[in-house]
Amino acid sequence: MRILSVHNRYQIRGGEDESREAEEKLLQQKGHGVETYEENNDRIADLGAISTAIKTVWSTEAYNTLRHRLKEQVYDLVHVQNFFPLISPSVHYAAKAEGVPVIQTLRNYRLLCPNGFFFRDDRVCEDCLGKFVPWPAVLHSCYRDSRAASGVLATMLTTHRILPTWNQMVDKYITLSEFARDKFVQAGFPQEKIAVKPNFVDPDPSIGEGKGGYALYVGRLSPEKGISTLLSAWQKLGKRVPLKIVGEGLLAPQVAAAVSLDPAIEWLGRKPLPEVYELIGNATFLVFPTIGYETFGRVAIEAFAKGTPVIASQVGAIAELVESDRNGLHFRPGDAEDLAIKIDWALTHPQEIAQMRQEARKEFETKYTAEENYRRIMEIYATVRSK
């Protein structure tokens, strides 16, 4: 099978890039031809605001380039991983013009919410969900704290709802969780076109021992990740258990201040993946305190791969990944006291936590290996190739 993968590379490499690259590598290892059409956000500075805005809504350059690629080489399908902002949905039309099926992976909520997260003013926000014109995002400057930039995004979304791109130009969508799928269906996307395929961990980092005697947080230090809830819970715990924090972000000063006041908290900054896996494997449990909607929660399945239970907010996709009392625990999102109670329970029930370690690893082996992911993506590809 020959696949053309289409993506817009961010200026700062993130989890979406890593997941896409892992998927492409897996397909290549299985003998499939995977080529890429890529734009880089580094071009934005050279293009300027007006040209970037036009390309966001419709890139004639991307349309012509993709049609040329598809005429030059036969592909079985075009897999659009991310088209924002420079590629635009024009690539969907280019593929359709050449009779090539289109798969679109939905790695964030950008097609429903201009900032992509359903999060504003330190809370979940669904103000634009279901609105044909997402005007609240413009009013609140939801994208890059700019009404102009938010207006461009709102124009792109509205234009392609009018056309209608999302209903007719995509043969199959992929979401990373049932929760994300439900949000897109709620917004009017055709449910028969949306398949669920989670991310995966490869190579297998192997199970850890969990003998470190500490709790662990891994992720961005940003408001939607629940950092304030995490730090407040440790104040309530009174040095019951050490907390190690891995990551960087906007709330780094808040984390640094907490570290200076509480010797039980250690901030390690950014760490390379092998060191992160070692930290996860030795942790008693991983804490996932998000207060926003996640489309997935990659660090949770990395914890499962290491056999480490996850104490997670009962919100969004992470509540779906973590089964309370089996491979982890749930707590009320944003509730530091409830999180402290669940951590106290984990510390006083070592036998139950040991059983959860076995269940966490079993969850990984059942759902999140490369082989299982390959099986699932080939099932999805088969549905569009048979049309």
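The values are calculated or read from the model by the stated rules, or taken from the named source; none is laboratory data. From a predicted model like this one, the values you see are computed outputs, not experimental measurements. FYI the Cβ positions are ideal-geometry reconstructions off the backbone, even for glycines, and counts take in every protein chain you see.
The table below lists the values:
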| quantity | calculated |
| --- | --- |
| Among the residues listed as Lys271, Lys225, Lys239, the single one being over 25 Å from Phe304 (Cα atoms), in the same structural domain as Ala360 (by TED's automatic domain parsing) and of a type outside the set (Val, Ile, Thr) | Lys239 |
| Test: Phe84 is in a loop (DSSP other than H, G, I, E, B), hydrophobic (A, V, I, L, M, F, W, C) and within 20 Å of Ile174 (Cα to Cα) | yes |
| Qualifying positions in the stretch 132-154 - surrounded by fewer than 18 Cβ atoms within 10 Å (Cβ to Cβ) and either within 19 Å of Asn108 (Cβ to Cβ) or charged (D, E, K, R) (or both) | Ser141, Arg144, Asp145, Ser146, Arg147 |
| Within the stretch 215-244, tally of residues that are surrounded by 22 or more Cβ atoms within 10 Å (Cβ to Cβ), touching a helix residue (DSSP H, G or I) at 6+ places or on another chain (Cβ under 8 Å) and of a type in the set (Gly, Ala, Ser) | 3 |
| Selected residue (criterion: surrounded by the most Cβ atoms within 10 Å (Cβ to Cβ)) from residues of the stretch 172-200 that are of a type in the set (A, V, I, L, M) and within 14 Å of the chain's Cα centre (by Cα) | Ala180 |
| Residue among Gly247, Gly212 that is surrounded by fewer than 20 Cβ atoms within 10 Å (Cβ to Cβ) and farther than 16 Å from Phe364 by Cβ | Gly212 |
| Those helices (runs of 4 or more DSSP H) lying entirely in the stretch 289-387 with at least 3 residues of a type in the set (D, E, K, R) | 336-348, 350-367, 370-385 |
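This table checks each residue for (1) surrounded by fewer than 24 Cβ atoms within 10 Å (Cβ to Cβ); (2) within 19 Å of Asp338 (Cβ to Cβ).
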site: Glu275; (1), (2): yes, no
site: Glu278; (1), (2): yes, no
site: Glu294; (1), (2): no, yes
site: Ile301; (1), (2): yes, no
site: Phe304; (1), (2): no, no
site: Pro309; (1), (2): no, yes
site: Ala312; (1), (2): no, yes
site: Val315; (1), (2): yes, yes
